[in-house]
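Peer 1: The structure that follows is given in the form of structure tokens.
A short reminder: the numbers here are calculations on the coordinates, not readings from a lab. Keep in mind that this is a model prediction, so the values were computed, not measured. Neighbour counts run over all protein chains shown; Cβ positions are idealised from the backbone, glycine included.
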Amino acid sequence: MRIGILASGGGSNLQAIINHFAASPARDAAQVVLVASNRPEAGAMSCAQLAGIATHHIANADNGQSLLDALRTAGVELLALAGYLKLVPRVVVDAYAGHMLNVHPALLPSFGGHGMYGLRVHEAVIQAGAKLSGVTVHFVSAEYDRGAIAAQWPVAVLRTDTPQSLAARVLAVEHRLYPVVLEAVAGRTLTLGTDGRTHGGLPAHSAFAMNDAKPFFSLH
């Protein structure tokens, strides 16, 4: 399956996705073919160029049609948001309904919605006194962070945490969980049903699919 990535930042999730598929049993069945960004200077664009992946600059004036044309020209079948900070145009959301995913650095539906991104999320988690945060991978809908949840993984909030320290631990989980979910959707073992709910599960070789998988945090 041909995967497209929308990104606005440094590209660490993009690099994790590239690395995952390079080493995965699914590497012949899925590949990243296009990276698009609203910021031509974004690290994700450099990351893509170094990996030999085509790039596309999303102009501020683009109502979504130019982006959609670029995705279709590249033959993108699955679209993933990796630190993309703009609302995806409705024309793109509709075209990739059930085939577009996003990763959010908290356990949705808490600490999500418009304006909740980056350190703002972790600041809100700590200020609320939450004991658990985590990562959510969800299908994209027309509203920020409201699509069907595909997978979640918890991360403990420590008494000594700052937004920066919590962000670092959450990001480490993003780098492991997001590529696995993309692989599952690409392999059609995880799908979005007509009932608006996700069906299926993660690849059997993934630690996230195992009942005895250990969370990537300590409660101590």
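Peer 1: Farthest toward the dipole's positive end in the chain, which of Leu67, Ser24, Val157, given Cβ charges of +1 (Lys, Arg) and -1 (Asp, Glu) about the Cα centre?
Peer 2: Farthest along the dipole direction, towards plus: Val157.
Peer 1: Run the numbers on the chain and let me know its relative contact order in percent, using alpha-carbon pairs under 8 Å that are six or more apart.
Peer 2: Relative contact order for the chain comes out at 18 percent.
Peer 1: I would also like to ask the following. Quick one: which residues, 5 or more positions from Val32 or on another chain, have an amide H under 5 Å from its amide H? H modelled 1.01 Å from N in the peptide plane, none for Pro or chain starts.
Peer 2: Residues meeting the amide H criterion: Ile3.
Peer 1: Tell me which DSSP H helices of the chain clear both cut-offs, 18 Å or more of axial length from alpha-carbon atoms and a mean Kyte-Doolittle hydropathy of at least 1.6.
Peer 2: Helices passing the filter in the chain: none found.
Peer 1: With Cβ to Cβ distances under 13 Å as the rule, what net charge do the other residues near Ser37 carry (K, R +1; D, E -1)?
Peer 2: Counting the neighbours of Ser37, the net charge comes to 0.
Peer 1: Another question, if that's okay. Evaluate the distance, in nm, between pseudo-label points positioned 7 Å from the Cα of Thr160 and of Ala22 along their respective Cα→Cβ axes.
Peer 2: 3.4 nm
Peer 1: Return the calculated 222 nm mean residue ellipticity for the chain, to the nearest 500 deg cm²/dmol, obtained by summing -39500 (n - 2.57) across DSSP H runs with n ≥ 4 and dividing by the residue count.
Peer 2: Numbers: 6 runs with 68 residues, N = 220.
Only helices count here, giving -9500 deg cm²/dmol.
Peer 1: Another question, then. Between the alpha-carbon centers of segment 86-160 and segment 26-79, tell me the distance in whole angstrom.
Peer 2: 22 Å
Peer 1: For the modelled label position 7 Å from the Cα of Ala54 along Cα-to-Cβ, which residues of segment 70-92 have backbone nitrogen atoms closer than 11 Å?
Peer 2: Answer for this model: 70-76.
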